[in-house]
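What follows is one structure encoded as structure tokens, with my remarks underneath.
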Amino acid sequence: MIKFPNPRTEELVGYSAEELATIRFTDLIHPEDTHMVLDRHRRRLKGESLPTTYSFRIINRAGEELWTQLNTVAITWEGRPATLNFLRDITPQRKLEAQLQQSQKMEAIGALAGGVAHDFNNLLTTIIGCSELMMMSIGKDHKLRENLEDIRKAGDRAASLTRQLLAFSRKQILEPKVIDLNDVIPDMDKMLRRLIGEDIDLETSLAPDLGRVEADPGQIEQIIMNLAVNARDAMPRGGKLTMETANVDLDEAYARSHVAVTPGPYVMMAISDSGTGMEVETLANIFDPFFTTKEAGKGTGLGLSTVYGIVKQSNGNIWAYSELGKGTIFKIYLPRVEKGVVEKEEVEATAESLTGSETILVVEDNEMVRDLAQTILQHYGYSVLAAQDGEEAIKVSKEHDGPIDLMLTDVVMPKMSGREVSEHLNALRPDMKVLYMSGYTDNAILHHGVLDREMVFIQKPFTTDSLARKVREVLD
Ligand code: ADP
Ligand code: MG
């Protein structure tokens, strides 16, 4: 029985002092914690010395689960052993701790995934590149052609997985623009309807006067797609998919109770479904790469990881709420910016020839990638000089009498970074253009994965076609 509760206790548990006098304290404890608390209580009454502070969950009158910290002192009451207890509500701290643990876990997996992806990009550049080169040099009816095509296709699939891992680890190269989400969402309407099918209603509720955000439009579309696909999968018998936007100001109080939130003006985008919802255990893991509850072949477990990475890399936050049998809502907050929307640029169609006769200096420490780039460029008619690092590049440049029209350089290399090599050589050869290549966004040239406007960049793994195209673009 609980005797002499103070008013705060009554408030916490939701029962009056009179009611509490008739309730056993153990009835208030979460079933999973009852045994532990009772055991300690008994041992304490027997005179055993135990830590006086510990935490457990209680269920209040409203049925809410609260984390409490108990501070207990053994006393003698009316000649019998009893305890004097102080109960503190630590639910908010617990929630924050859980969020912190979650975000640390994501950091750690992110670092791992990013490292793997980085190494894979070099390997895939070789796999894709060499199979393309071989296909070019053998005839159309060669008996090995089909095998080469299979290698090429597998390489592409691996590259796509690697891209998703990079996205998750926030190492993707973003090209942010000032955009209005209210423009992006209607643009996707047709595609989304096709994606979700006829049994699911699509409803949008877009806030008038929505603020702008600075984000990579392609990546925002990717987020919406991934969330919509999941929503569809959660509504096999149909339902409703709702997309909503709103201006939201997150204040200090909100920031204090949510890890990694800076208070300020945001644009919120919410995507909700009336689907199956999720168990608490599922919800706790949805952003982990390769976490899926779908049968083999149906899910990769990379959809939400990608979404998470993109949102975080765009300085935003994402939260998911779900109720079993009712549905799920994902809320994404992106910082609001006070800038005008950048008008869409027309993409010019380039059908002209990809060949050239200029001189190109390739600087790359990975031998396979260097050889490959050299072979591809020679195939398209260029004269190629090659160097394995910055020092050698400087030496090659000194020894070469004629012009060097372009330097194609890796970003992260031992001794000198690509940027350092380029600064050094540009002082000697001011007309030389520079094209960077990397499988990884790195601070050596990129600030938090965001590309400098004046830098030209090609992402590994590249295909023969994409490299030739980019080189031509830079030279012209
Ligand atoms: P995948 O879709 O390949 O399984 P995701 O990363 O996209 O991988 O999602 C991970 C898991 O999260 C899903 O397998 C599913 O269990 C759960 N999930 C995601 N979105 C929803 C949703 N809208 N409703 C119910 N469960 C969801
Ligand atoms: Mg998915």
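The values are calculated or read from the model by the stated rules, or taken from the named source; none is laboratory data. These figures come from a predicted structure and were not determined experimentally. Neighbour counts run over all protein chains shown; Cβ positions are idealised from the backbone, glycine included. These accessible areas exclude ligands, DNA and RNA; they are computed on the full protein's heavy atoms, side chains included. Shrake-Rupley method; radii C 1.70, N 1.55, O 1.52, S 1.80 Å.
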Counting only protein heavy atoms and using a 1.4 Å probe, what share of the accessible area of the range 1-58 belongs to carbon plus sulfur, as a whole percent? 52 percent
Can you list the equivalent-ellipsoid semi-axes of the range 7-89, largest first and in whole Å, using the square root of 5 times each Cα gyration tensor eigenvalue? 21, 15, 11
Enter the angle in degrees (range 0 to 90, nearest 10) between the Cα long axis of helix 91-137 and the first principal axis of the Cα atoms of the chain, meaning the one along which they spread out most. 20 degrees
Per the charge dipole of the range 1-116 (beta-carbon charges, Lys/Arg positive, Asp/Glu negative, Cα centre), the residue among PRO51, ILE90, GLY63 reaching farthest to the positive end is PRO51
Treating the beta-carbon of each Lys and Arg as +1 and of each Asp and Glu as -1, no other charges, what is the dipole magnitude of the range 177-337 about its Cα centre, to the nearest 20 debye? 260 debye
Tilt, helix 464-475 to longest principal axis of the chain (alpha-carbon atoms), in degrees rounded to tens, equals 70 degrees
In this model, which of LYS395/LYS460; LYS331/LYS470; LYS339/LYS460; LYS140/LYS460; LYS190/LYS331; LYS312/LYS460 are farther than 29 Å apart at the alpha-carbon? LYS331/LYS470; LYS339/LYS460
Report, in debye and to the nearest 20, how large the dipole of the range 94-168 comes out about its Cα centre when Lys and Arg carry +1 and Asp and Glu carry -1 on their Cβ. 240 debye
To the nearest 10 degrees, how steeply does helix 181-196 sit against the main Cα axis of the chain, on a 0 to 90 scale? 90 degrees
Kindly give the semi-axes, whole Å and largest first, of the ellipsoid equivalent to the range 177-337, taking each as the square root of 5 times a Cα gyration tensor eigenvalue. 24, 19, 15
Check ALA386: other-chain or 5+ apart residues with amide H under 5 Å from its amide H, H built from backbone geometry? VAL362
Quantify how much of the Cα-Cα distance distribution of the range 287-332 extends past 16 Å, in percent. 50 percent
Jot down the per residue volume, in cubic angstrom and as a whole number, of the convex hull over the alpha-carbon atoms of the range 230-300. 123 Å³
Treating only Lys and Arg (+1) and Asp and Glu (-1) as charged, each at its beta carbon, one finds that the range 359-475 has a dipole about its Cα centre, in Debye to the nearest 20, of 280 debye
Do any of LYS143/LYS294; LYS143/LYS298; LYS171/LYS294 go past 32 Å between their Cα atoms, and which? LYS143/LYS294; LYS143/LYS298
Measuring from centroid to centroid over Cα atoms, what is the spacing of the range 371-417 and the range 35-102 in Å? 68 Å
Rounded to the nearest angstrom and ordered from largest down, what semi-axes does the equivalent ellipsoid of the chain get from its C-alpha gyration tensor (root of 5λ)? 57, 26, 22
If you roll a 1.4 Å probe over the range 92-172 with all protein chains in place, what percent of the accessible area is carbon or sulfur? 60 percent
If a/c stays under 1.5 just call it rounded; otherwise compare a/b with b/c (prolate if a/b is bigger, oblate if not). Do that for the range 359-475, with a ≥ b ≥ c from the square roots of the Cα gyration tensor eigenvalues. rounded
Expressed as a whole percentage, what fraction of the accessible surface of the range 359-475 belongs to carbon and sulfur atoms when a 1.4 Å probe is rolled over the protein heavy atoms? 46 percent
Sequence-separation-based contact order of the chain, relative, with Cα cut under 8 Å and 6+ spacing, percent: 12 percent
